[in-house]
Each structure stands twice: as structure tokens, then as C-alpha cells.
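Read the structure below first, then the notes.
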Amino acid sequence: MPIVVKTYIDQDQSRNQEWNLCYDMTMHASEEMAEDTLDIVDVESSILNGRLVKSEKVDPRGTRHIVHGAGPDRKAQIGTVGRFTETGRYLLITVYRLTET
């Protein structure tokens with residue numbers, strides 16, 4: 001299912017451009033999502049309404065992007081880690097519920 005992601009994730013593109021994003025999810029991300037009682041709507045909402053916290057460029061497979069955002073209920077705070085693959089699809093590597101510290 002495509003979702004639109006703001007270009008804060010892709011620093012090489014124009015700031016005001018939007019992407020129709022097709023994404024994939026690793027088995028690890030799916031398991032973590034279930035463990036934290038999150039569903040795909042929570043994850044998509046957190047990416048769409050979230051903010052880029054950090055980009056890590058040390059992975060030879062591509063820059064990893066850490067995004068934090070709210071779920072659709074605006075109560076659940078969710079973190080995701082993902083990267084763009086060589087085909088242009090966004091790969092969700094892990095998903096987690098943020099806890100207050």
C-alpha cells in the first residue's frame with residue numbers, strides 16, 4: 001500500500017517534493033510491531049506525521065533513517081528505522097513504541 005512521505009527522509013531531493021512511497025517491512029519489524037501491540041496504521045501514521053530524528057550513514061547498504069511520530073490516536077509515540085533500497089522502495093527495518101524516560 002503506497003503512502004506519502006515527506007522528503008525530510010531523502011536529503012538529496014527538493015525539500016517541498018513529496019513521494020508516493022511503496023515500502024517493505026522486515027520480519028524483524030513485523031515481530032517488533034506485534035510485540036509492542038502496534039498495527040500498520042500506527043506505523044504509517046507515525047511516519048507521515050513524524051520527524052526525522054537521525055540519519056546514520058555508516059551502513060554500506062544505505063543510509064538508515066530514524067523517524068519518531070505519533071500514532072493515529074496521537075497518544076502512542078512510535079519509532080521506526082528504515083532505509084531506501086536500491087530499487088527506491090523504503091524498507092522498514094524495525095518498529096518500536098517509544099517510552100518516556
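The values are calculated or read from the model by the stated rules, or taken from the named source; none is laboratory data. Just so it is clear, the model here is predicted, and its values are computed rather than measured. Counting neighbours? That spans all protein chains shown, and the Cβs are built from the backbone with ideal geometry, glycine included.
Within segment 50-61, the set of residues being touching a Gly at 6+ places or on another chain (Cβ under 8 Å) and either more than 15 Å from LYS75 (Cα to Cα) or loosely packed, with under 15 Cβ neighbours inside 10 Å (or both) comprises ARG51, VAL53. Candidates in segment 21-32 are the residues that are in a helix (DSSP H, G or I) and among the hydrophobic types (A, V, I, L, M, F, W, C); of these, the one that is surrounded by the fewest Cβ atoms within 10 Å (Cβ to Cβ) is MET27. Among the residues in segment 64-72, are any part of a loop (DSSP other than H, G, I, E, B) and closer than 16 Å to THR99 by Cβ? Scanning segment 64-72 turns up at least one residue that is part of a loop (DSSP other than H, G, I, E, B) and closer than 16 Å to THR99 by Cβ. Residues of segment 70-101 that are surrounded by 19 or more Cβ atoms within 10 Å (Cβ to Cβ) and farther than 19 Å from THR26 by Cβ: GLY71 alone.
Scanning for something among the small types (Gly, Ala, Ser), over 14 Å from the mean Cα position of the chain (by Cα), at pLDDT below 95 and part of a loop (DSSP other than H, G, I, E, B), does segment 33-51 turn up at least one residue? No, because not a single residue in segment 33-51 is among the small types (Gly, Ala, Ser), over 14 Å from the mean Cα position of the chain (by Cα), at pLDDT below 95 and part of a loop (DSSP other than H, G, I, E, B). Scanning segment 21-73 for residues that are of a type in the set (Lys, Arg) and in contact (Cβ under 8 Å) with a residue 40 or more places away in the chain yields one hit, ARG51. Scanning segment 85-101 for residues that are assigned to a strand (DSSP E or B) and in contact with a Gly (Cβ under 6 Å, 6 or more places away or on another chain) returns TYR90, LEU91, LEU92, ILE93, TYR96.
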